[in-house]
Amino acid sequence: AQSVTQLDSQVPVFEEAPVELRCNYSSSVSVYLFWYVQYPNQGLQLLLKYLSGSTLVKGINGFEAEFNKSQTSFHLRKPSVHISDTAEYFCAVSDRGDSWGKLQFGAGTQVVVTP
Amino acid sequence: EAQVTQNPRYLITVTGKKLTVTCSQNMNHEYMSWYRQDPGLGLRQIYYSMNVEVTDKGDVPEGYKVSRKEKRNFPLILESPSPNQTSLYFCASSGHSSADYGYTFGSGTRLTVV
């Protein structure tokens, strides 16, 4: 079974500064990778996903992530954050194929953006 | 509007009293899943379903039951709730093609068992 490690539980960042959220997964077999965002008192929203193809994936709200198979990582980046990016971010991974529905989440990274 | 609808949003119950949390999706999705979210633990999968009458256990299935009799509905049943099942629960659904992969989540059900 896959497991996901989000290396930072909380990341404080100033407005308009860049941010990187780190995510590593356990297996080197073929995987699907996802990043979700959860705003306070809301459900989860899909930011971006890697299924195949280009290792640099662009998502909503100016976020992007890079898949690195050799390092089993899928780090999320944004070049300039806004106050509205304050939220919790979750990395998730699943095996390819029909069992993709068994999606494993990391523990989350809380991003706090201050002026 | 495409969405996953869970009911109720909030529920307080007593230990041992059977309850059902309903989940419905209007996107004709094949995959559906239930997760629980606890502080510091992220989301842990309870059960998931690949299609009607096809379900499989996630990481924390003990104490829960599910059924998938219709494509749009995936209720979560707690036959005898206990305080350690106090949590925030999310239902989610996804399409079957690679273009559609990626769960769409409901707004959550906050369950308290006393």
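For B:HIS96, the accessible area of its heavy atoms, probed at 1.4 Å with every protein chain present, is near 90 square angstrom. Among the trypsin sites (Lys or Arg not before Pro) in region A:35-115, those located in a DSSP loop and surrounded by at most 15 other Cβ atoms within 10 Å of their own Cβ are A:LYS69, A:ARG96.
Among the protein heavy atoms of chain B, carbon and sulfur supply 50% of the accessible surface, probe 1.4 Å, non-protein parts ignored.
Dipole magnitude of chain A about its Cα centre, charges +1 at Lys/Arg Cβ and -1 at Asp/Glu Cβ only, in debye to the nearest 20?
Numbers: 8 positive and 10 negative charges, 68 e Å.
Once rounded to the nearest 20, the dipole reads 320 debye.
If you take the alpha carbon radius of gyration of chain B and divide it by 2.2 N^0.38 Å, what ratio comes out, to two decimals? Before the final figure, lay out the partial values.
Working: Rg = 13.4 Å, N = 114, 2.2 N^0.38 = 13.3 Å.
The reported ratio for this selection is 1.01.
Pairs exceeding 18 Å between alpha-carbon atoms, taken from A:LYS49/A:LYS69; B:LYS17/B:LYS65; A:LYS49/B:LYS69; A:LYS49/B:LYS57: A:LYS49/B:LYS69; A:LYS49/B:LYS57.
Among the GluC sites (Glu not before Pro) in region A:1-45, those located in a DSSP loop and surrounded by at most 12 other Cβ atoms within 10 Å of their own Cβ are A:GLU16.
The residues of the protein assembly as shown expose, per residue, 46 Å² of accessible area to a 1.4 Å probe.
What you get for the protein assembly as shown, charging only the Cβ of Lys and Arg (+1) and of Asp and Glu (-1), is a dipole of about 540 debye around the Cα centre.
Within region B:1-97, the GluC sites (Glu not before Pro) that combine a DSSP coil assignment with at most 14 other C-beta atoms in a 10 angstrom radius are B:GLU1, B:GLU53, B:GLU62, B:GLU70, B:GLU79.
Across chain B, Cα pairs under 8 Å and at least six residues apart give a relative contact order of 36 percent. Note on B:LYS17 and A:LYS58: with the Förster distance fixed at 41 Å, the Cβ-Cβ geometry gives a FRET efficiency of about 0.30.
I'd like the interface area for chains B and A: accessible area of each alone minus the complex, both sides summed, 1.4 Å probe, protein heavy atoms only. What is it in Å² to the nearest 100?
Rounded to the nearest hundred, the buried surface is 1800 Å².
Label positions at B:SER97 and B:VAL114, each projected 7 Å from the Cα along the C-beta direction, are separated by 5.0 nm. Our coupling estimate for region B:61-73, obtained by passing each phi through the Karplus curve with A = 6.51, B = -1.76, C = 1.60 and θ = phi - 60°, is x, 4, x, 10, 9, 9, 8, 9, 8, 10, 4, 7, 10 Hz, Gly and Pro reported as x. Each Cα pair under 8 Å and six or more residues apart adds its sequence gap; the mean of these over the residue count of chain A is a relative contact order of 37 percent.
The values are calculated or read from the model by the stated rules, or taken from the named source; none is laboratory data. The shown structure was predicted, so the numbers you read here are calculated from the model rather than taken from an experiment. We place every Cβ from the backbone using ideal geometry, glycine too, and count neighbours over all the protein chains shown. Protein only, heavy atoms only, side chains kept; ligands, DNA and RNA dropped before computing areas. Shrake-Rupley method; radii C 1.70, N 1.55, O 1.52, S 1.80 Å.
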